[in-house]
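Working notes, beginning with the structure itself.
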Amino acid sequence: MESINKSDNNFEQCLKCTICTVYCPVLAVNPDFPGPKHGGPDQERLRLKMPSFYDEANKYCMNCKRCEVACPSNVRVGDIIQKAKLKYSRHKPSLRDFFLSHTDLVGTLSSPFAPIVNKVLSWDVTKQVMDTTIHVDKHRIFPEYSHEKFVSWLEKQAGEQKKFAHQLCYFHGCYVNYNFPQLGKDFVKVMNAFGYGVQLLEKEKCCGVALISNGFAGQARRQGEVNLRSIRKAVSENMPVVATSSTCTMTIRDEYPHILNLKNADVRDHVELATRFIYRMINESKDFDLSKLKFIQRGHPLKIAYHTPCHLEKLGWEYYSIELLRMIPDVEITVLKPNCCGIGGTYGFKKENYENAQKIGEPLFREIEEGGFDLVVTDCETCKWQIEMSTSKKCKHPITVFAEALTE
Amino acid sequence: MIFDTIIIGGGLSGLTCGIHLQKAGKRCVIISSGQSALHFSSGSFDLLNTLPDGRSVSDPVQSLDELQVQNPSHPYIKIGKTDFIRLAEKSQQLLTDASISVGGSYQRNHYRLTPFAITKPTWLTMTDYVSSDQPDSLPWKNVCLVHFTGYLDFHPDFFQGKFQELGIKVQNVELDLTKVSIRKNTPLEVRSTNIARLFDNEEALDNFVRLLAHKVGDADAVLLPACLGLERTNIVNILSRKLGVEVKLLATFPPTVSGIRAQYLLKQRFMQLGGTYMLGDTVNKVDFENNHISKIFTVNHGNIPLRGEEYVLCSGSFFSEGLVALPNDVVDPICGLDVDYISDRKEWFASDVFDQQNYESFGIRTDETFHGIKNGQAISNLHVCGASLSAFNALKEGCGGGVSMLTALYVAEDILRQKENK
């Protein structure tokens with residue numbers, strides 16, 4: 001006989017110790033959110049009995065996974081809530097949720113008209129209209145669209161890149177492709193300096209993280225299948241798959257199997273972040289020689305504040321990004337306290353979350369402003385938007401900082 | 001990744017060991033699978049409160065001889081009296097150096113109040129908590145007992161009963177924290193850490209003082225639930241000055257602000273000394289070669305192994321999954337070391353939860369210098385310390401904090417000594 005109340009997660013490992021509630025950034029500012037323990041394992045038991053027990057207030061979970069990092073019993077608290085949202089929520093995604101999450105579609109439509117789109121999106125009147133009609137908060141600054149997509153730029157370089165003895169595939173993500181090709185160019189420069197040519201995957205779709213959090217699981221799964229097929233092909237040709245976005249990486253490695261039920265065990269270890277790839281190759285391969293690189297002589301130290309994005313903390317890989325920064329001469333690195341910036345991808349763009357997102361980020365913003373830093377460095381694009389909007393500092397990716405430190 | 005010492009477990013024991021080794025110039029990494037049991041600390045660290053036969057202890061050092069008779073394999077007996085004294089002193093210093101302000105001494109137990117307002121002996125107590133040299137002797141005649149509306153982890157009734165029993169007059173004051181908040185009347189999830197964050201704001205603190213000041217009356221002390229001072233460690237002194245009366249804290253149920261703060265400050269200290277702390281990662285493979293560990297693998301770092309000259313296991317007890325109970329066995333899930341436990345499961349626990357529970361004394365078997373033992377043979381570069389160890393009962397004997405810190409320092413010193421000999 002098959003059991004009726006079957007759970008596909010490990011909620012029964014929860015000891016009710018409440019440690020996760022201490023580290024939940026949302027619970028600290030929003031009492032409407034039931035919190036990770038209650039919304040996760042506690043309510044899961046009820047939901048398994050009767051789906052109508054689902055509490056719509058779980059929409060306030062920003063999927064930062066800090067509960068999972070804190071949990072002493074390895075309960076996948078954040079996954080439990082995400083899955084429950086997708087499975088039980090009766091709330092239909094709105095037009096706004098559609099636009100915020102379908103990054104490939106919106107990016108493809110916007111890029112050809114980038115100068116106009118950027119201009120229009122920067123007008124106060126546009127922001128006001130979007131605020132009142134589709135509830136995208138008017139305080140938000142939209143990342144600009146690039147006229148030339150990263151993919152088009154790299155395709156022109158394909159011949160040059162093929163000349164390198166070693167090859168890798170770059171999972172660039174939507175941000176690099178549609179908004180900020182410069183990070184992709186920096187990545188290519190660094191990899192070339194280490195003797196690696198950069199190729200695209202046969203087909204790359206948005207990793208799907210925003211689709212998952214906005215309730216489009218089916219679309220996310222379809223895009224995940226495309227990505228996994230391309231990743232498998234690259235791996236079968238002995239090419240590592242390297243990304244620069246910590247959230248894309250976390251999604252492909254962990255959210256695919258945990259949330260979307262996409263099997264990736266055969267290729268999971270081959271998808272990694274650029275900073276980890278460099279660390280690994282320096283230790284494993286003679287070709288990857290740091291001493292061959294020439295760095296710019298700065299003369300005075302660059303004071304860097306490093307912010308660990310929530311999803312990078314979940315991956316446990318901030319070590320590699322910090323180690324990469326330490327390889328650059330003349331930098332002084334301060335690792336900021338483990339606080340969430342509050343943006344949570346598309347979460348902070350929503351009018352109903354704006355105020356709480358800013359409250360969550362407040363301790364981080366204060367630490368950044370008071371530290372007297374030249375620059376903030378982080379691996380996540382949405383953390384970058386949030387930090388640049390909410391503080392007076394510029395924010396860069398560690399790969400960009402590394403690329404800028406190299407002589408041409 | 002290459003380190004001098006790899007420490008598995010990031011609670012009180014792991015951090016104590018890591019701080020001592022970093023201070024001696026060793027490069028350490030701590031791998032912690034999640035936040036530690038320090039989050040449940042009620043503001044005190046115990047050294048030795050009770051002997052195994054139930055007799056109460058007032059002088060822990062003097063009681064070591066009797067402990068040796070009753071339980072010769074106790075971790076304290078392995079450490080020995082001379083080192084016990086030295087390491088107890090050093091532990092206190094280590095806490096002070098990490099900005100954790102504690103009072104008390106290994107020479108004589110003092111007394112604290114539990115969240116149930118029960119008097120218990122202890123070794124060190126955070127200086128902002130209520131404590132006394134003699135049991136049940138508090139210096140006040142009239143106290144103002146404050147509690148917060150909707151805060152469920154503190155029970156003023158227990159304390160009121162206790163104080164009345166001691167002939168102390170109690171003025172009960174209930175405060176609505178939404179009136180304290182700088183964003184007036186905004187709802188607040190009334191949890192200890194949220195309250196602490198509220199009080200870390202200067203303006204909110206002043207609102208609180210204004211609301212409370214005229215209710216203090218002629219009380220000679222204001223007693224608050226211990227949910228203050230997550231960032232501002234001197235907040236009790238500040239409040240005391242602003243109110244013009246002595247302010248002290250009373251223990252709450254977990255998660256406790258003092259425990260969270262202690263964990264944070266020890267971790268900060270370790271990292272400021274150059275240590276690497278990896279949170280939320282689990283060791284999933286340990287490679288042994290001829291009675292020593294060559295490398296370990298973790299869930300997060302996958303195909304990048306961590307290599308160390310020395311390894312320390314301080315993965316804790318059942319709560320943090322340093323020990324796992326299977327239907328008929330108790331195992332160390334990380335290194336697969338030999339575990340001391342009773343083979344008959346029926347003997348593991350007593351049906352009355354307040355009786356001595358034998359499973360509390362289960363733990364990893366070690367040699368005379370706390371090296372882990374696997375299949376009967378000591379692993380040369382692996383020490384074990386803290387709650388993972390066997391042959392003590394932290395609850396019944398009241399020795400959890402002391403065993404964690406003293407064995408951690410003992411192990412750290414042993415590692416440094418081995419290095420010198422090489």
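Every number here is computed from the coordinates shown, using simple stated rules; none is lab data. Since we're looking at a predicted model, the values are computed, not measured. Positions of Cβ are generated from backbone atoms using ideal geometry, with glycine treated the same way; all protein chains shown enter the neighbour counts.
One table, with the values for the structure above:
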{"item": "The range B:310-370: Cα Rg divided by the 2.2 N^0.38 Å rule of thumb", "result": "1.18"}
{"item": "Euclidean distance between Cα centres, the range B:261-316 to the range A:174-217, Å", "result": "32"}
{"item": "Degrees, to the nearest 10: B:60-70 long Cα axis against longest axis of chain B", "result": "50"}
{"item": "Cα gyration tensor, the range B:130-250 - rounded (a/c under 1.5), prolate or oblate", "result": "prolate"}
{"item": "Helical contribution to [θ] at 222 nm, DSSP H n ≥ 4, -39,500 (n - 2.57), averaged over chain A, rounded to 500", "result": "-13000 deg cm²/dmol"}
{"item": "Prolate/oblate/rounded call for the range A:11-88, Cα gyration tensor, a/c under 1.5 rounded", "result": "oblate"}
{"item": "Inter-label distance, nm, simple model (7 Å from Cα along the C-beta direction), B:Asp53/A:Ile333", "result": "5.8"}
{"item": "Shielding by partners, peptide B:33-42 (average Cβ within 10 angstrom, other chains)", "result": "4"}
{"item": "Helix axis angle, B:12-23 relative to chain B longest principal axis, alpha carbon, degrees", "result": "70"}
{"item": "Cα gyration tensor shape of the range A:291-405, rounded if a/c is under 1.5, else prolate or oblate by comparing a/b with b/c", "result": "prolate"}
{"item": "Spatially proximal lysines relative to B:Lys215 (Cα-Cα < 26 Å; intrachain offsets below 8 disregarded)", "result": "B:Lys141, B:Lys162, B:Lys169, B:Lys179, B:Lys184, B:Lys242, B:Lys248"}
{"item": "Bridge type composition, the protein assembly as shown - antiparallel percent by DSSP, nearest 5", "result": "35"}
{"item": "CD proxy at 222 nm, helix term only [per DSSP H run n ≥ 4: -39500 (n - 2.57); per residue of chain B; nearest 500]", "result": "-9000 deg cm²/dmol"}
{"item": "Most positive-pole-ward Cα, B:Cys144, A:Gln219, A:Leu95, against dipole of the protein assembly as shown from beta carbon charges", "result": "A:Leu95"}
{"item": "Nearest-ten-degree value, helix B:202-213 long axis tilted from longest Cα axis of chain B", "result": "50"}
{"item": "Centre separation in Å (Cα based) which lies between the range A:8-74 and the range B:189-222", "result": "30"}
{"item": "Inter-part distance where the range A:221-250 and the range B:77-92 are each reduced to a Cα centre, Å", "result": "55"}
{"item": "Within 10 Å of each Cβ in B:252-261, the average number of Cβ atoms from other chains", "result": "2"}
{"item": "Dipole magnitude of chain B, debye to nearest 20 (Cβ charges: Lys/Arg +1, Asp/Glu -1, about Cα centre)", "result": "1140"}
{"item": "The range B:1-94, dipole about Cα centre (Lys/Arg Cβ +1, Asp/Glu Cβ -1), debye to the nearest 20", "result": "420"}
{"item": "Percent RCO, i.e. relative contact order, over the range A:1-133, from Cα pairs under 8 Å lying at least 6 residues apart", "result": "23"}
{"item": "Average Cα contact separation per residue, chain B, under 8 Å, 6 or more apart, as relative contact order %", "result": "23"}
{"item": "Whole-Å semi-axes of the protein assembly as shown's equivalent ellipsoid (Cα gyration tensor)", "result": "47, 34, 25"}
